Amino acid sequence: MRIAVDGYGGDHSPTEVVKGVIQALDADPSIEILLTGKKQELSELAGSSLGKRLTVKDAPDVISCEDNPTLAIRTKKQSSLVAALDAVAAGEADGLVSAGSTGAVLIGATLKIGRIKGVERPALAPALPTVKGGKVILCDCGANVDCRPSYLVGFAKMACAYEKGVFGVSSPRVGLLNNGAEENKGNAFSVEAYGLLKAEPSINFIGNVEARDILSGEVDVVVSDGFNGNIALKSAEGTAKAVFSLLKQGINSSLRAKCGALLLKPVFLGLKKSLDYNEQGGAAFLGLKKPVVKAHGASKAKSIMGAILQVRDMIAGGVSDVLAKDLQNE
């Protein structure tokens, strides 16, 4: 199994990307990595790790978040992202990781890797931790800001294939992100989407889910348009950061609090590990012929490693094949 990694995607590239690549290679001896970007710099950073399982493909240009995504994919053919995409499209790699421009990754992957037949729109789908210890897929969380209700049926099918292939959930429970649990809640878009999801026999639809219940563990997949899904995701990230900040302030407020925190340190570390995006890897782009994971733009080495192992799990679980088979049987 070979995974292509965009060496210059993200705020802390290429240093943190290379560190994450090395950590992933150490974590799983069965994977190989094709790192794309400025060959001399990447080779120097990789040092003795460069060898049979880690190769570098020279790509001297970089696509930044300020670039127009479509124009950049078409004109910056020697960029690290395009080189990684081309490698996957040509069969030189089985999946891809990038922490670069979300728009460029989505457009480039759609154009070069291609959509699975029957998929209207690929969607961005992070796997979030739940209070019951499992994972919930939030789909979409930013790839499709303007949606048709029918798109959400496709999002549900793609996320269910992800749950089946990676997490082994045979019949994922699907909820629709809405401002209330009642069937008639929400705007016209939500009401129509509800009806379509309810009528689809291949989806185990349980009804509306409010934002506060996304991480409850009562649902395996939450579908949304990309606009509201992104707001929900960013709100969850911000809340987690605020909670840890308030805990830190409270712990430092007195000697008694510091002593109590020392006893609870393992609990706090476990909680931080569950909620920290650096521990989670990235968000999968579902609906493509090959696995693609978009890591957080601010990813450090640990997050890059997590994203690589996430792609590994998607390849091993045959997520794209599961979805293609499900769509073919309709």
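Points to keep in mind about this one:
- Any hit, the stretch 233-242, residues being touching a residue at least 60 places away in the same chain (Cβ under 8 Å), at negative phi and not acidic (Asp, Glu): yes
- Checklist (1) more than 19 Å from the chain's Cα centre (by Cα); (2) part of a loop (DSSP other than H, G, I, E, B); (3) not small (Gly, Ala, Ser) applied to Asn144, failing item: (1)
- Counting only helices (runs of 4 or more DSSP H) that fall entirely inside the stretch 15-110 and contain at least 1 residues that are closer than 13 Å to Val292 by Cα, the qualifying elements are 80-89.
- Residue in the stretch 145-161 that is within 29 Å of Ala301 (Cα to Cα) and out of contact with any strand residue (DSSP E or B) (no Cβ under 7 Å at 6 or more places or on another chain) present: yes
- Per-region count, the stretch 138-187, residues closer than 18 Å to Ala236 by Cβ and among the small types (Gly, Ala, Ser): 4
- Taken together, the residues in the stretch 268-287 that are touching a Gly at 6+ places or on another chain (Cβ under 8 Å) and either of a type in the set (D, E, K, R) or modelled with pLDDT of 95 or more (or both) amount to 1.
- Output for the stretch 152-192, where each listed residue is touching a Gly at 6+ places or on another chain (Cβ under 8 Å), more than 25 Å from Ala284 (Cα to Cα) and either of a type outside the set (A, V, I, L, M, F, W, C) or buried (at least 18 other Cβ atoms within 10 Å of the Cβ) (or both): Asn179, Gly180, Glu183, Gly186
- Only listed residue being surrounded by 19 or more Cβ atoms within 10 Å (Cβ to Cβ), of a type in the set (S, T, N, Q), within 24 Å of the chain's Cα centre (by Cα) and at pLDDT below 95, chosen from Ser101, Ser64: Ser101
- Residue match in the stretch 13-26 (condition: among the β-branched types (Val, Ile, Thr), touching a strand residue (DSSP E or B) at 6+ places or on another chain (Cβ under 8 Å) and farther than 16 Å from Ser299 by Cα): no
- On inspection, Ala125 does not qualify as under 26 Å from Ile73 (Cα atoms) and over 17 Å from the mean Cα position of the chain (by Cα).
- Residues that are open to solvent by less than 10 Å² (accessible area, probe 1.4 Å) and either of a type in the set (D, E, K, R) or within 13 Å of Met158 (Cβ to Cβ) (or both), drawn from the stretch 203-221: Val221
- Residue selected from the stretch 44-61 under the condition out of contact with any strand residue (DSSP E or B) (no Cβ under 9 Å at 6 or more places or on another chain) and either of a type in the set (Lys, Arg) or farther than 28 Å from Gly103 by Cα (or both), by the criterion surrounded by the most Cβ atoms within 10 Å (Cβ to Cβ): Ser49
- Some residue of the stretch 80-88 being of a type in the set (Val, Ile, Thr), modelled with pLDDT of 95 or more and closer than 25 Å to Gly318 by Cβ: yes
- Test result for Ile116, open to solvent by less than 30 Å² (accessible area, probe 1.4 Å), over 27 Å from Val17 (Cα atoms) and either in contact with a His (Cβ under 7 Å, 6 or more places away or on another chain) or at pLDDT 90 or above (or both): yes
- Hey, Ala24 closer than 14 Å to Arg2 by Cα and hydrophobic (A, V, I, L, M, F, W, C) or not: yes
- Taking the numbered list (1) under 15 Å from the mean Cα position of the chain (by Cα); (2) at positive phi in turn, Lys135 passes all entries but (2).
- Against the list (1) open to solvent by 20 Å² or more (accessible area, probe 1.4 Å); (2) modelled with pLDDT of 95 or more, the condition Val21 fails is (1).
- Residues of the stretch 197-250 satisfying the condition of being at pLDDT 95 or above, in a helix (DSSP H, G or I) and touching a Leu at 6+ places or on another chain (Cβ under 7 Å): Leu197
The values are calculated or read from the model by the stated rules, or taken from the named source; none is laboratory data. Since we're looking at a predicted model, the values are computed, not measured. When we count neighbours, we look across all protein chains shown, and the Cβ atoms used for this are built from the backbone with ideal geometry, even at glycine. Note: areas computed on protein heavy atoms with side chains; ligands, DNA, RNA excluded. Shrake-Rupley method; radii C 1.70, N 1.55, O 1.52, S 1.80 Å.
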